[in-house]
Structures are given as structure tokens and as C-alpha cells.
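This report concerns only the one structure given below.
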Amino acid sequence: MENDQKNKIYEEQFLLLAFISVVTFKIVMLPQYLVSSVANNSYLVVAFMVAIEIMMLTVVYGTVKNGSILEQDFPKWLKGVFAILILVSSVIKSTVRGSEGIAYIATSLYANVSWTFITLALILVGIYIAQKGAKVLARSAQIFFWIIAFACVFFIVFSNIKLDPLDLMPFKISGELAVACDKYLMWFGDFTPLLLVTVTKSKNHGKKRMAVWTLFAILGAFLLTVGVTILFICTFGEAGELVGNAFLNVSSLNKIFFMIGSADLPTVLSWLVMYTIKFSMIVYAMSTCAKFFFGDKFILSIISGVIIYCIICFGIGNLNTNYALDISWLRYVAFFIEFLVTIVAYIAMRVCQSKKEKQQNNIPSENITQQNLNQTDELQGEI
């Protein structure tokens, strides 16, 4: 029961976590890689893949509003399969995607600080939040949301980027776009951790207000990911394949920068918040799946953190290795798991609901039949 309460979150918290899941890993190195593959049409790849991701998140919501997939009335063997698959996906995502964020912090925010120190700090936060559960994770996201909101407003107000539609030309639908979608699959499909929460209706938000928040979350995720890519293209053009850390480089071009110097602190802080929450979500998913087999033990969260730490620091260790893993066969494993688990879990949920409804409908009819038999017996007795 205590574990169930730890994993319950409200609808608006789910929307916020979904927003962070969609945005975080798509606004750092991905624009650079896409420009090197499809040049000025890279925003089309982002728009198409993010649209698919948002549609899949609606399926995730439809599933978890009835409970976490490890807490619903599924067969135990099916829950075990889900747990193993999500565990595998979480290991891949936390190490490969986590390494990219660590490389960003080590090179852009500090003067080549060792990965071991940054990873250790990140892992400790991830372990703590994973042990506390989805409720603490969602509340943390709500608290730090205002940093993200302030950074977006700050950038819009003080932006000094002049958009020219010609920078996005030539507009061309070709097979290269499909190749790019395939090559960079690792950056998309980040929603299995959200299958491990239970969404409940908020007492403070009515249907109309939730509809507004849902619209903001969907538009915000789509416009921010696609928007950063478009701004990156308009700013650097084809030279963007030589420019990493898109979010930092685009956000630094503001009016204040040209007056007093660098003023990118709000945007950097906002991304660090999103990255920490997203990374913690993956560690939470990894430890939750392990606990399904071995029980709710704190040591499992620590073991999950140690595994991630060793792979990142001693197995990957640099951005070149990270990129090689990103575009390797591992991308098919992670992407396949994300979609397979989500779709099968939704189908299983619908089947279980249908069985429950049939059982509930059969109970009254059985009662009526029993009553009729009793009445017949009474009449026969009188005769």
C-alpha cells in the first residue's frame, strides 16, 4: 500500500513529466547531428518523430490512469516481461543518453571536469529520488517548473535572432529524412518510465482547466523541440554540423549578451533541471523494475546507480563513444521496447477492463435468476 501511494501522481504532474521526457534530450546534440545528415530539413525529422512520441504518450496516459502496469490486474508473467524489458531499456537510456548530458556539463559549464565527479553527483540525486518514488519526482518537477517557464519567457523577450524563412530552404521531402529518422532513433521514444506511475484526478483542477494544461503541454513540447532546431538552423545554417550544444548556443544569442556579456544562466539552469529530472525518471524505472522481482529494498536503488555509474565512467567515458553507441544496433532495441511495452500494456489493460465489466454485468443477472428460482420453489411449496 505504501509503495502504491509513493507512485501516485496527479494529471498535471503527469503532463509536466511527459513534457520533460519529450524535450530534454532533443535540444542538446541532436540538432547538430541532424544538420550533418539532412541539412536545413532537419526540423522536419524532429517534427515528425515528436508528433509520434506525443501520440504514444496519450496511449501511456490511457493506460496509467488505471494504475501502474506493475500494479494492475495483469498476469504475473506479463508483468515480469514488462519489468525485464523496461529494465533493459532503462539501462540503455540512462547510460547512453545520460552520457550526452554529462559531456555537455563537463565541456560547456566547467573547464573539462572529470566525468567521474559529475556522474557521481547525478547518480546520488537519481538514487534518492528513485527510492522516494514518483510522487517526490513529480513534486520536484512542479517546484522547478518555474525555472523552465522563466527561461522560456526570458529567451522570447530578449532573443536577438532574426528569422528568415529562406534559411530553411530548400524544402525537400526525400529518402534522406527517413534515413535520418532511423539513424537517430535513440533520441526518441522516452516514455516507459511513465508506465510505472499511477495517475489520479486532481482535486484542484476541473476538466476545462486540465484541457488547457494538456494543450499547453502538447504545444510546448512540440514547439520547443522543433523551435530550437529551427533557430539552430537559422543561426548557423549548414555550419551547424560543427556546433554542438544547440540549446546553449542558441540561447546565448540575446540582447543582454551584446550589452554586458553572457546571460544564458536561466536557460542553462532550466535544462539542468530537466536533465536531472529526466535522468532520475530513468533510474526510478530501473530500480522499480528490479524491486518487482526482489522486493522493495533500498539496496536495489544503490545497485542500479552503481551499474549506471560504472558503464558511463568506465564503459563510455567520452562523447565519441557515446555517439557510436547512439547510432548502433542498441537504438533498435530501445525503440522497439518503448513501443512494444506501451502498446501491449494498453491492450492488456483494455482486456482486463472488459473482463471486469462482463463479470459485473453477470452478477446482477445471476442474482435475478436465483431470485426467480426461489420464487418458483415457494409457489411449488404452496401448491
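The values are calculated or read from the model by the stated rules, or taken from the named source; none is laboratory data. Here the structure is a predicted model, which means the values were calculated and not measured. Don't worry about glycine lacking a Cβ; one is built from the backbone with ideal geometry, like all the others, and counts go over all protein chains shown. Keep in mind that these areas ignore ligands, DNA and RNA; they rest on the heavy atoms of the full protein, side chains included. Shrake-Rupley method; radii C 1.70, N 1.55, O 1.52, S 1.80 Å.
A few points about this structure:
- Computed with a 1.4 Å probe over protein heavy atoms only, the accessible area of Val212 comes to about 70 Å².
- Accessible area ranking (1.4 Å probe, heavy atoms, ligands and nucleic acids excluded), largest first, for Thr24, Thr235: Thr235, Thr24.
- The string of couplings for the range 139-152 from the Karplus curve (6.51, -1.76, 1.60, θ = phi - 60°) is 5, 4, 4, 5, 5, 8, 4, 5, 5, 5, 4, 4, 4, 5 Hz, one whole number per residue in order, with x for Gly and Pro.
- Percent RCO, i.e. relative contact order, over the chain, from Cα pairs under 8 Å lying at least 6 residues apart: 39 percent
- The figure for Ile302 is an accessible area of roughly 60 square angstrom, using a 1.4 Å probe on the protein chains alone.
- Backbone HN-Hα couplings from phi across the range 219-235 [Karplus 6.51/-1.76/1.60, Hz, Gly and Pro as x]: 5, x, 5, 5, 5, 5, 5, 5, x, 4, 5, 5, 4, 5, 5, 5, 7
- Gained length - Ile143 relative to Val113, 0.36 nm times residue gap less alpha-carbon distance: 8.0 nm
- Of the peptides 345-358, 177-190, the ranking by mean beta-carbon count within 10 Å, highest at the top, reads 177-190, 345-358.
- Rounded, prolate or oblate (a/c below 1.5 giving rounded, otherwise prolate when a/b exceeds b/c) for the range 1-110 by Cα gyration tensor: prolate
- Atom-type composition of the exposed protein surface of the range 75-196 places 73 percent of the accessible area on carbon and sulfur (1.4 angstrom probe).
- Rounded to whole Hz, the Karplus (6.51, -1.76, 1.60) HN-Hα couplings of the range 14-31, x for glycine and proline: 4, 4, 5, 5, 5, 4, 5, 4, 6, 7, 3, 8, 9, 10, 10, 9, 4, x
- Residues with amide H under 5 Å from that of Thr198, placed H, sequence gap 5 or more: Lys8, Ile9, Ser68
- The chain: calculated mean residue ellipticity at 222 nm from DSSP helix runs of at least 4, using -39500 (n - 2.57): -24000 deg cm²/dmol
- The tail of the calculated P(r) for the range 17-81, taken as Cα-Cα distances beyond 14 Å, holds 69 percent of the pairs.
- The distance from the alpha carbon centre of the range 88-159 to that of the range 162-191 is 25 Å, rounded to a whole number.
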